[in-house]
1. When segment 236-254 is examined, which residues are found to be under 29 Å from the mean Cα position of the chain (by Cα) and part of a loop (DSSP other than H, G, I, E, B)?
2. Only one of (1) open to solvent by less than 60 Å² (accessible area, probe 1.4 Å); (2) charged (D, E, K, R); (3) not in a strand (DSSP E or B) is not met by residue 214, so which one is it?
3. Considering each of 328, 345 in turn, give the residue that is within 27 Å of residue 208 (Cβ to Cβ), out of contact with any Asp or Glu (no Cβ under 9 Å at 6 or more places or on another chain) and open to solvent by 40 Å² or more (accessible area, probe 1.4 Å).
4. Would you call residue 297 assigned to a loop (DSSP other than H, G, I, E, B), within 25 Å of the chain's Cα centre (by Cα) and either closer than 30 Å to residue 47 by Cα or not aliphatic (A, V, I, L, M) (or both)?
5. Of all residues in segment 198-211, how many are assigned to a loop (DSSP other than H, G, I, E, B) and crowded, with 16+ Cβ neighbours inside 10 Å?
6. Give 120, 82 a once-over and let me know the one that is open to solvent by less than 60 Å² (accessible area, probe 1.4 Å), among the β-branched types (Val, Ile, Thr) and out of contact with any Phe, Trp or Tyr (no Cβ under 8 Å at 6 or more places or on another chain).
Amino acid sequence: MTDKKGTWLVLLLLVLFLQTKGQSTTGSAYNIFGLGTLVGEGIGGYRTMGNAGIGSRSTSYVNLENPAALNAISGPTQIFDIDLSLKNLHQSAGGESFSTMLGGLEGMNLWLRTGKGSAITLGAAAFSDGRYDVTDSYVLSSLINSYSVRYQGTGGITRFYLGASQRVTKRLNLGVKGSFLLGNLSSLQTISGNSLVSGLEVEQNRTVRKFIAEFGGQYTIPVPDGQRLTIGATYRPAYQMTFDTENKVIRATYDSLTTVGQEQLTLPEKWGLGIEYQLGSWRISGESQVEKWGVNEGGEGFEYRDQLSFGLGAEFVNNPASVSYFNRISWRAGYEWKTNYTVVRNTNYTNAATSIGLGLPVNRGYGMINLGYQYSSMGTRSNQLIYEQTHTFTLNVSMRDVWFRKPVYD
């Protein structure tokens, strides 16, 4: 085995080890509502560029935001990406606070060039995270007095996807990505603190399997040499999701009550527009997306609303072909803002994130280690809700190679 293959094998074993140590991607208290936290599709360098990839045509990094960009990569014929994260989540409400560490494998992706002007990609990543652990206190009446309810959630939805892109004309590229959504969202409510209701548990399991498709296009506008201007658009039709449900009411020393059924939820239309301008060593991109979640009816304590998001990103690489290692480093920054797709206790709340990162080339350019840091805030302290702050450190290992290249000997 060559040293290079041995190095990548060690890294892969490290990933598998970390995957067994932690699985949560957010752990947010707001995961209790809807499908939980919806996870963005950015991978590698795009995670520190505000996930603004709809209009981006990077020649070095796989872009999962817009499948039309998959054929933009030049150089390697295959790229394998692994994304890892480590998070510090801090929650505060009502004068109390709580902090925890989370982390694990976020996704894996394999990109392949299939021909002149065409490429495919396949992989797996989180679609939503439904993990939470929150305790709340209630006073029902003077007879029952107060009691506490611990809300716990596990599971989430995983996306298994296959995408393809094709150059249609010199300036127009189109792409499509099909995804199979598979997952289980489990919740458990445990009542305690009062002898009349202590020991009562309410458990629910929701399982979903659904295929969806997304479409994208990009057009490069003619500009002077040394510059590039690209506009992009993405669209996901609405899909009806059917959840198989199992509900249990359990009380110690009593028989449990179990019911099974189905629930319907619309995965709504999603529209996106983006633009990228490249001038010399700089790439600057921006995008906006809207998801029409308001077509759904809410549940206990929350309602659905349309989600609007904006992302901005910038990258600077002095000279990717330079003999100087420092000149080949990629420097990145990004900002992302979005409204949440749920309204809790008649209160709207938002999510904002600022990120920085850098890409370190390895193996003479046939590998890349992307490091990133993101600070994000979500929620509000008003109306007895929770304000969350998250510090996220990300590691992306990108392994690249050229197949069918004839070796050259001196």
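1. Within segment 236-254, 237, 238 qualify.
2. Result: residue 214 fails condition (3) only.
3. 345
4. Yes; evaluated as a whole, the condition is true for this residue.
5. 0
6. Unique residue meeting the criteria: 82.
Residue-by-condition table, conditions (1) open to solvent by 30 Å² or more (accessible area, probe 1.4 Å); (2) modelled with pLDDT of 85 or more; (3) part of a strand (DSSP E or B):
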position: 24; (1), (2), (3): no, no, no
position: 41; (1), (2), (3): no, yes, no
position: 52; (1), (2), (3): no, yes, no
position: 68; (1), (2), (3): no, yes, no
position: 74; (1), (2), (3): yes, yes, no
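Here's the yes/no breakdown for (1) in contact with a helix residue (DSSP H, G or I) (Cβ under 7 Å, 6 or more places away or on another chain); (2) within 15 Å of residue 31 (Cβ to Cβ); (3) assigned to a strand (DSSP E or B):
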| residue | (1), (2), (3) |
| --- | --- |
| 106 | no, no, yes |
| 113 | no, no, yes |
| 121 | yes, no, yes |
| 125 | no, no, yes |
| 137 | no, no, yes |
| 174 | yes, no, yes |
| 184 | no, yes, yes |
| 190 | no, no, yes |
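The values are calculated or read from the model by the stated rules, or taken from the named source; none is laboratory data. Quick caveat: nothing in here was measured; it's all calculated off a predicted structure. Neighbour counts run over all protein chains shown; Cβ positions are idealised from the backbone, glycine included. SASA here: full protein model, heavy atoms, side chains in, ligands and nucleic acids out. Shrake-Rupley method; radii C 1.70, N 1.55, O 1.52, S 1.80 Å.
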